[in-house]
Each structure stands twice: as C-alpha cells, then as structure tokens.
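Below: the structure, in structure tokens.
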C-alpha cells in the first residue's frame, strides 16, 4: 500500500481545521464510520460466519455481526481523525466531516476509541476471545499500521494494509466456531489478493489527488505504466485463487461458475487496462467533477474505472454465492 517524491514528515501533521465550524449533525457522525466500507466488511464477515457451518443462536450471530460492523466503523473514525490533513487536500475526501470542519478531530478520535473498546469487549464476552482478539488486531492494524505508517511511507501501503480489510470473514468464522481453519484463511486470501488491483485501478484516475496530498500511492511513486503492469500481475494471481474454494469443500457448482465466468471478465478488463494509457497525463479525472464522483472519468481513464467498478461487483458476487449456497444447504463440490 521507496518514495521518490512528496514524502510527508514523520510527525503527525497538524489538521488544517481546528474546532468545528458548526454543530455536528448525527449524519456527520455516521459518515465518520464509513458506511460504504462498513457494508462490505459486514457482508464478508457474515459470509465467514455462515460458511463455518456451525449452528449459532440468531441473537449471538446478530451480536457478532454488530461487533464486526462497529469495529469497522471505529476504524473508519480513527482513520478520518488522523487523515484529516490529507483528506482536506483531496477532491474525493475534502467534504468529510473532520476536514470540512463539521466535526472536531478530538470527537472523531473519542468516537473511534470508544467504539473499538465496545466492539472488542462485546465480541469477547458474547462469543469468544479468539474472535475478539482478531477484531482488535484488525482495528489496530488499520488505524495504526496502515493509517499512521504505511499510507504515508510506502507505495506498498495497499498491499500490506489490505490485510485489515481481508480479515472480517476470518473474524466471522472464529465467532461461530472458536477456530480459524484453512477455508477461513482462504476467504481472507481472496480479499487480500483482490485489494491491489481494486485500489490501484482507482488510484490511476485519482493520482493527482494523492500526489497533491503527498500520499505515495503506486501511480505517484512508480508511474502509471508500472501500476498497470502490477495490476495485471495481481489479477493473474487473484482470479485463479477465486476458484480454489470449489476444490476445498467451501464452494459448490454455482460458486465455481460465478468464479470462473467472473474471473474471465476480470482478466479481460485487466488486460485492457494494461494495454491502455490510463493514469497518464491528461487521463485523470476532471477537476471540475464532483468530489464524490468515483465513476465519472475522462475517456482515457475509463479502462481503470471499469476494472475498479467490476472488481466490487465480482467480489460481492463471489461472497454472495457462497452465502446463498451455505444458507440453502447446497452440497459443496469437494473436488480434492
């Protein structure tokens, strides 16, 4: 997730905003929790819990999902507190509550800490301490290792930091069984391998924002051509990996079909992106665009946008298929 330019100082930069400009609304605090990210985390965590194949009382299952959601929200609040200086310089993030001055940084920090402690302690007391430990590790890894260190210092920030986003299915599995077998880590590996092509595709058409903010994303450090090549390499690793659950007793025929057909589309989009000029000068997003418009790009960046958008759909379909198969009691293939 070696810099060549725009290296920030080692100390935490001072946020450009001091106190909030106006009383915060409840919607601002919800935005601190990054609900879009939370929804994917909850979904993959729930999939891990169901795929564990162990009956869990519906109330306890709900508590486990709630803890995963609250833990994800806590990570988001801590990230927005620390990254207020970076967010203020980027079109895509400058409207967030802290850089926009609607929420004080101290309030975002307090919210993140309180929710972190609440989610971990509730998970431990209601389910088990293995799941709670994994949840606590995930929060610390995202808020401290990724946000405070990797994001500002290395172009591998997304690669290493992707572990935080990959762990929810393992947490869900551990909540159900108190164990973390190979299939739980296989779900983690799929998300881990998905993260670089997903985020680097996005960074190809938002690289000017990252450059302005001094964030060493891969296109800023290594250039667009190298980033497109690395996206292709990771795609060649990711798509075959998605087939593996059909060989380990985790996925069934429907999963194999979705993984196979979706993988072909993913690779076609990755090859198209590799052959394109996405990320080169003049292909980035238009400055006049809405800061939240992730999908409205110039013609030269459409191949990056297409892979970014499809990557979300593909990962969602993979986990949705696993979830449906296990909820319906469909027999896995067990080809090995």
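The values are calculated or read from the model by the stated rules, or taken from the named source; none is laboratory data. This one's a predicted model, so the numbers in the text were calculated from it and none came from an experiment. Backbone-built Cβ (ideal geometry, glycine too); neighbour counts: all protein chains shown.
In a residue-by-residue description of the range 275-288, the property of being part of a helix (DSSP H, G or I) and either modelled with pLDDT under 90 or closer than 30 Å to residue 50 by Cβ (or both) applies to no position.
Filtering 76, 101, 62, 112 for residues that are out of contact with any helix residue (DSSP H, G or I) (no Cβ under 9 Å at 6 or more places or on another chain), in a helix (DSSP H, G or I) and either modelled with pLDDT of 90 or more or outside the structural domain of residue 220 (by TED's automatic domain parsing) (or both) leaves a single hit, 62.
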